[in-house]
Structure formats: structure tokens, C-alpha cells
1. I'd like to verify a number: residues in the stretch A:63-91 that are assigned to a helix (DSSP H, G or I) and away from chain B (no Cβ under 11 Å), how many?
2. From the residues in the stretch B:625-667 that are within 11 Å of B:Tyr709 (Cβ to Cβ) and among the small types (Gly, Ala, Ser), which one is farthest from the chain's Cα centre (by Cα)?
3. Taking the stretch B:470-499 as the region of interest, how many residues are closer than 23 Å to B:Ala435 by Cα, among the polar types (S, T, N, Q) and in contact with a Leu (Cβ under 9 Å, 6 or more places away or on another chain)?
4. List, please: which pairs have Cβ atoms under 6 Å, are six or more places apart or on different chains, and start with a residue in the stretch B:395-417 that is under 17 Å from B:Pro499 (Cβ atoms) and end with one that is open to solvent by 30 Å² or more (accessible area, probe 1.4 Å) and in a helix (DSSP H, G or I)?
5. Please list, ordered by residue number, the strands (runs of 3 or more DSSP E) wholly in the stretch B:201-300 having 1 or more residues that are surrounded by fewer than 18 Cβ atoms within 10 Å (Cβ to Cβ) and among the polar types (S, T, N, Q).
6. Out of (1) of a type in the set (D, E, K, R); (2) under 19 Å from B:Asn698 (Cα atoms); (3) touching a Leu at 6+ places or on another chain (Cβ under 6 Å), what's the single condition that is false for B:Glu602?
7. Working carefully through the options B:Arg81, B:Arg75, find the one that is more than 38 Å from the chain's Cα centre (by Cα) and modelled with pLDDT of 85 or more.
8. Any chance the stretch B:786-798 includes a residue that's touching a Pro at 6+ places or on another chain (Cβ under 8 Å) and touching a residue at least 24 places away in the same chain (Cβ under 8 Å)?
Amino acid sequence: MNTTLASRVELLQGTLDLLILRTLRLGRAHGHAIAKHIQRTSEELLQVETGSLYPALHRLEARGWIAAAWELAETGKRAKYYRLTPKGRKQLLAEQTKWATFSRAMGLVLSPLDEEPV
Amino acid sequence: MTRILRKLRWVTRRGGKEAELQEELQFHLREEAREAEDAGLTAEQARWAARRELGNVALLMEDTRAIWGWASLERFWRDLRYAMRMLRRNPGFASAAVLSLGLGIGANTAIFSLLDAVVLRTLPVASPRQLVQFTNTLPLWDTGSRNANSLFAYPQLERFQAQSKTMSGIFAGTGLGRLVVGFHGTSGLADGDACTGNFFSVLGIAPQYGRFFQAGEDRARATVAVIGDRYWRDRFGADPAIIGAAITINQIPFTVIGVTPREFLGISVGNGPDIWVPLHALDRLAPDSKRWTDPFSSWMLIAGRLGPGVSREQAQAELDVIRRQVLAERLSASELGGMENVRHFVRDGHLALRPAATGVSSGLRDRYALPLKLLMWVAGIVLLVASANIANLLLARASSRRREIAVRLALGASRGRLIRQVLTESMVLALAGGALAVPLAWWGGWLLVRMISTGDSPVPLAVAPDLRVFAFTAAMSLLTGILFGLAPALRGTRVDPGPAMKEGTHHAGRRSCTLDQILVVAQVALSVVLITGAGLFVRTLQKLWNVNMGYDRENVLMLSVDARLAGYPSDRAGAVYGEILEKLRTLPGVQSASASVVRPVEDQFHLVDRVDQVDGFTLPGRYAIRVEWNSTSPGYFSTVSTPLLAGRDFEARDNQTAPKVIVINASLARTAFPNRNPLGHKLGEATVVGLVKDARLNGAREQPGPVLYYPLLQHGPEQEYRWGFVSFELRYGAGAGLLDAVRRAVASVDPNLPIFQARTLRAEAEQSLLKERLLATLSSFFGALALLLACVGLYGLMACTVARRTAEIGIRLALGARCGHIIWLVLRETLWLTLAGLAAGIPLALWAARYAKSDLFEISPADPLTMAATVAALTGVAMLAGYIPARRALRIDPVMAVRYE
């Protein structure tokens, strides 16, 4: 596989994966609900592309971090509900720590800019 | 591991997964729409908003599928099924493509397998690269053009073996020719070799059954024999119990001790003996007191294995010194020391080592290496032409699929994905062609071996396709698949979806034809090369056949009989032959009969001697006349119709007690007795009694040289019928059933007398031109095939052009254009393409023909007649190919055509 493509996709996916895992910590949800939740809690700053959401869900499922089951939704239709597996819980913890470190580091590097004269 | 299992499970459950994903996305859409509706949009608006938000569904599904598992494998599988479906829907196209590819690849494989067997393949022995063959390079004036020979005397071998430090083993061998092998009371002919005891161990091969010669077994009273795998199967039914069995070789008892491995066919290509005996068994098979001591005879082939780390040059330097030492020593002690040419041979000759990884020198290889390489090129070009056709067909199909491809691009398929799919289709075609090629190649290889076999049985060659050949076929198929698939794949997918979808289906034919035109021009150019080549080879064959040979090849039957093989001692052989000749002369339908040692046309051997006494004067060594000689019975010249120019033929009175007489040919008369009547003069002790016209005994290519004829009745007993067999020639009026009558006549003298090589003089003459015939036949076949393929290509292109210009032609017709004008419109383009092909092809053909020069005869590689014929044939057939679409153009209905626009 092309390496530049791989790193780009990896970066995007990594973030989305973390968001999905975090959302599912609150309980099981179907794809649409996950997308809406991320949008709402991020105050609409993060727009989840459906085009990447479903591939991401299937990827996480393939890795065994989340599991899926078909259940009846509130509307009475069959929906695919995802939930976090114990393995996914562990992964979420690791990802969260990594993200915290990363964002702290980014913050440290970026903050001195404010002090410079305009 | 579990991951792989899971993926596998997914692959098997793919159908279900697909439906689930669909349902999941449907649910998403509904939720989205419901939300939008809640926000105040109408149901219709909400549904569209949801669709927009979801984006490219096909792409999304594709991305998701990619995550499920072995996507590439699965995609390939799907492409494969799609390709199969497309091909099934176009059975005409598919079968034409597979057939032409199968033919093309099959022809290539067949010729490659023969080329491999004859030229390329290394011997199936241990480390073949270490093998070398010893050769003498001789001073030029001694031997004419053949300034190397590979034959040595025994004393040299002994010294090489004793003194060489650079070689890890040196062995020698000699052919025994035709043998009669008896087993359990039945006898049959076999081909044998005698070799030193270390032959098999130096080669490093292991017996299939039994054992090979051991140290000390190569001695005068040796009774051991090794048989070849093929002979073992044919003669002894592959019975392992043959080990230890008693057989007789020329009535002398031997014991079979081993069978060679199946792949071992001797060390000289096309010359695989049936049976090997130790070298010193020659003392029992063909006693010759001087054989082991004469240092200047040449009868043995020597080869060996270089020591580890020794280069060929090092070994050659060492062995050359040994050769010179042993010859110089022997020369001083020999009565030959006074002969100038022998001194010259010792002083100026050298020993050279020839790489023998692919076997020692072989007449078959010398004859066929170049023709086979030429044919390999020819077959390769045919495959190229065939590929170009398929590329053109695929191009045409790709353009009719523009809309389909545009739709798929619009739906989010990537271009790489589509290219892969189109390529899969061409690969399926190519591999199907390759699969068809395998049996064709098998059959073709067998056919080719039959074609080049001159003897009573096929040349022993391993041409059955092996791994190498299969690898070649597979590589060939893949290569052609990519070759003809890539251009259509690249161009077919370069589509702008918007405009392409707006076009009506009837516009599908509209496209630029540049690439197609280039392909067709290339096809024509390559066809020019092949047809020119075919023309040159056919003309060569014709010219060779029409050479005045100096004998008449019609209505003469020849057969050889060997009395020695039936157990007659040499001194009684003459009487047997005389008796046979008398019986043959009285057979009904036979006009005349004769006997000779050498046949008028002979690919096996010819006899050479030197005449150095003319009318009692001795010629100095350098001026001795090199003659070929033959021993003939009375009636030989009239039987083969070689005209007697002066004097008389031999008669019955020229027997052993009569004064010695000879007949000479015109060349010898000119050389020995310039401007004199040779009759009555003497060469050596014999008096010239007859003068005959020159006959080309060495084939049509060679100018006749001096030939001397001895009377068989006088000379044969003197030579004690050294070669054992003689050939009989019969001129017949009616040939039907003659051979059976001949067999009965010979059997009435002695039923044990073996008859071999019974064939007509005409057949033998045809066989002597076998190589030329092979080249002419195959190149004509391939040339015609290429021409046909090129014309199909041309036809396809012109048909496409007519379709493209339907509207234009319609308007022209509507405006009153004449039929001739419209036809010319199409033919003009055909003509241009053909001329472009000719312009490119003729220089190419001229350039290529130079490589075939040594296989041509009395014809220049740039033969104007051949060129003219090629141009005429190609243009004619091309015009025909263009005329059919042109006729179709006339049938265009102007109203319909104009309405298209």
C-alpha cells in the first residue's frame, strides 16, 4: 500500500476510532446515533462523515474492539447496535492516554505563539 | 490465526454481510430523514437531504468491503467471474481470440521445446558446466574449409589421462554404428557406442537399474553392456530383469549390467545410442591391430571434466602441450615422419577445449540451430500479430463500453480498479489461450521431431514439454495478455463520465482510430517480414531442387544390406552381395540394378582419400588431390543415370585377378589430366577406363569435386568390405510391390540378412533438403497465418471506420456520390495503411533476411522478385480486406444515416 496514503488515513481513522470508542462507553448505540452524539457533544464542531463512519465501525468490529447485534430501535425498525467489548475498553484507555499526551504536547508547543507581538 | 479464520468466515458469509450493510445504511438514511423532517423539511426534501449527507454510497460500501477481509482476492474473484460472463456473452470474439492465441502460443512453445532440446538444454549430468570437448584445430590447407575436427588417436588419450592435472576426469568414445543385437533368439538393429570405463562416472550419472562400468572392466575381453532407457522400453518392454541377461552384439555374447536414467540420451544431441560397451570391446567387435598404437589416426571423441576451480583456458594450455609432446615423440619414431602433411599437422595444429555443457558436437545441432532460431523469431512475430488483433478487438469493445465505464466511474469506481478489471479479462483470454497451447505444443513438438528425422526411427530428442517449457508457455501467455490488454485498458477507461453518458448508444463507435491504425500498420509490417522470409526460403528450396545433380532421382529404389551383421566374415560377404544383385536384376519390373558402398545421396558418410601418384609421378604432399571415392558394381552409372562421357563402365571381368581399373569423374580428369584424354592413364596403380559426368554427391549446395570410382568386385574384397554393408540401387518401371519382392529376394539368399534404409532415391533426395523444406514449410505456414491475421485486423479497422463515417457516407450518397467514389473512399484508407505497413516492413525484412543468409541458396536476401511478390500479395489481400467494408458502406440508407445526427 502507498505509504503517504496509509499515514493520512491512519491519522484520520485514529481520531474517529477514539471518538467512536468513547461514545460507546456510555452504552450501546447504532451508527446514526453515534454520529449524532459526536456532533452534539462537540458542539457541532466535529462533523462525522458517513462515508468514513461505517468503514470505521466495521474495522473496529473486525479488530474485536466493538461487537454488534441486531435489535429493534425505538422506531420499531431493526438496527445494528454496537457496544464496547472488554478489549475495546482497554484500547479506549490506551488511546485516551495517548491523546492526552499528544494534545498536551501540541498545547505546549503552540501556546508560546500568543505571547509574541503581533 | 483467529484473525485469518474470522476473515475466512467473512469471505464465506459475504452475501449476508452485504445485505446487512445495505440494511444498516437504509436505517441510517431513514433516521437522518426523520431528523430532517423534525427540523421542518418536507418528506421529499428530507429524503434528499439524507441522501446528500450520506454521500457516495457505492464508494462507502466499497470502502467497508475493503475492511471485511481479503478484498483484493475477492475483487479478483469478482473480476474473474465478470470477465467470464463478458466472454460468454461474446462467444464469437472469445473463441476467435482464444484460438488465435492458442495457435500462436502453441507454435512458439513447440518451436521453443525443440530449440531447447537441440540447442539450449544442458546435459542431465552432474555440474554440466565443467564438461569440455577436445578438438583439434588444423592448419587450413590440409582440410579445406573444415579446419577443426574432434577425433583423436588412442595414444593421445592415454597420455592425456596419465599426465593432465587440470582435468578431474577424461573419457573417450566412438560410435559403433549399426549393430545387430540378439536376445532370446530374435535379432534387431541397434545403434551403439563404445566408451572408456570411466564414461558414466566422469559424467556423474547414476544407473536407473543395475550398475555402470567398473574400474578394470574396460578390457579386451569385456562382455558387459549398458543399455539406454528408450531401447530398454522399446526392445525389452522395460523389464528390470534384463539386468544380468545375456545378449549378443553382432553374434558376440555380452551381458547387460545397467540401464541409463530416463532423461539421459547420450552426450551428443540427436545421437543417443541404444547400447554402450567398453572401449576395448572393440577388439572383439571390430579387431584392428593398429587401433591402440597408431598415433596419427583419428577415430575417437575425447571429452572430460575440468578440475575444481580450473578454467577452460588453463586446462587447454596444459593439454595442448601434452598433445604436442606425444605427437612429436611418435612422429620421430614413425615412417610417417617423412610426410609433409603429417609434420604440418603436428607442428601447426592445436588442441582446443570446447564447452560441452549442452553436449558434444552434434550434426543435428549444427544443422538446425540457426533454422530453429529463425523459426522462433517467426513464431514470435506471428504471436505479436495475433496479439495486435486481439488488442484491436478489445479496443473496439472498450469503446462500445464507454457508457458502461462512464457510469461506473460516476458511481465512484476508481480508474485503477477498472483497469484491473479490463486486464483481468485479457488475462483470462491469454491463459485460456495458453491452456489450449499446451496440447498443441505437445503435438507440434512431436510433429517437428518427425519432420527432422531422416533415419528409420525418430531422432532421440526429449521434446515432451517439461517444467521449463511450461514456464515458457505461462510467461508467454501472461506477457501477451498484458501486451494486448494494457492499451485497451488504459484507453478504454480514460473517459469523462459527463459527456460519455450524454452520448447516445449509437455514437459508441465514435473514437479516434490512431492507436488502431498504428497496430494495423505494425501488423502489415510484420507480415511483410514473414512473407518475404517465406518467399526466400521457398525459392531456395526450389532452386536447390532444380539443381542438376548429375543423376536421375526418379524411379530408383535403394536399400542397404549388411552381410557381416548376419554373421558372414568379410571374405564371404562379396559372394553374398553378388548373389543378391543377381536376384534383384531378374525381379519383374526392374530395368537395371547395381551395388555401391556410398549412395548417390547420402547423409550418413562419404569416403575421402588422397591421390598422390599420377602416371607414376609422385605429387608432393601439398599437391596431393583430395578425392571422394566410391566402389560400384557394373551397371551403377546406368542405374542412377549418370552419363558416361568416355570409355566404359565396369564389367564382370574387372574381378580380383584382372588388372586394376577405375572410373573418374570430369572434375578429377580436369585436375589430374588437364587438357588430356584421361583414358588409359594411371592414378596410383589403377588405369582409368571410364569418364563420367560430375554428380553432386554432397548435396545440391556443394560444387562437385573430384570423385574416383573403384570396381566393387575388385576393390571390395581388397578392402574386405570394411563397412560391412553395401547399398543396392534398382531402376524400376513400376514400383508397386517392389519392396516386398526385394525383401523376399534378399531373404531367399539368407533370411537373417538385415535390410535397412530402404527408400527411393527421390525420397532420399528430399530428405537431404529436409532443413530447407522445414524452413520453407513452416515459414510459409506462419507467413500465411500472419497475413490472414493482419487482414482480419485491417478488415476490423475498416469496418469500424465505415461505421464511424456512416453519417458522412450517407450525406455523400444523398448528394449523389457514385458507388465507385464511395468504395474508393474506403479503399484509399486501406491502401494508405498497407503502404505505410510496406514502407515500415520492407527495410525490416531486408535487415532480418541478412541473418538467414547462410540458409539461402543462389538467392540474395534482397531478392527483387520475392520483394515484388510480397508487395503484390499483401496489397492484393489487403484490398480484399478493405473491399468488404467498402461494399457495406454502399448499403447505408442515406435517410437513416442522416437522421442519426
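The values are calculated or read from the model by the stated rules, or taken from the named source; none is laboratory data. Here the structure is a predicted model, which means the values were calculated and not measured. Note: ideal-geometry Cβ built from the backbone for every residue, glycine included; neighbour counts use all protein chains shown. For the accessible areas, the whole protein counts, side chains as well, though only heavy atoms, and no ligand, DNA or RNA atoms are used. Shrake-Rupley method; radii C 1.70, N 1.55, O 1.52, S 1.80 Å.
1. Step one: list which residues in the stretch A:63-91 are assigned to a helix (DSSP H, G or I), which gives A:63, A:86-91.
Filter once more, so that each one left must be away from chain B (no Cβ under 11 Å): A:86-91.
Residues in the stretch A:63-91 being assigned to a helix (DSSP H, G or I) and away from chain B (no Cβ under 11 Å): 6 in total.
2. Taking the candidates together, the pick is B:Ser633.
3. Residues that pass the stated criteria total 2.
4. If the second residue must be open to solvent by 30 Å² or more (accessible area, probe 1.4 Å) and in a helix (DSSP H, G or I), the pairs left are B:Ala406/B:Pro497; B:Ala406/B:Met501; B:Leu409/B:Pro497; B:Ala410/B:Pro497; B:Leu411/B:Ala58.
5. Numbers: elements: B:224-227, B:246-249, B:252-259, B:275-278.
It comes to B:246-249, B:252-259.
6. Unmet for B:Glu602, out of (1) of a type in the set (D, E, K, R); (2) under 19 Å from B:Asn698 (Cα atoms); (3) touching a Leu at 6+ places or on another chain (Cβ under 6 Å): (3).
7. On the way: B:Arg75 fails: modelled with pLDDT of 85 or more.
Just a single option satisfies the conditions, and that option is B:Arg81.
8. Here is the first cut: in the stretch B:786-798, the residues touching a Pro at 6+ places or on another chain (Cβ under 8 Å) are B:795, B:798.
In the following step, the residues that additionally are touching a residue at least 24 places away in the same chain (Cβ under 8 Å) were identified as B:795, B:798.
Checked the stretch B:786-798: at least one residue is touching a Pro at 6+ places or on another chain (Cβ under 8 Å) and touching a residue at least 24 places away in the same chain (Cβ under 8 Å).
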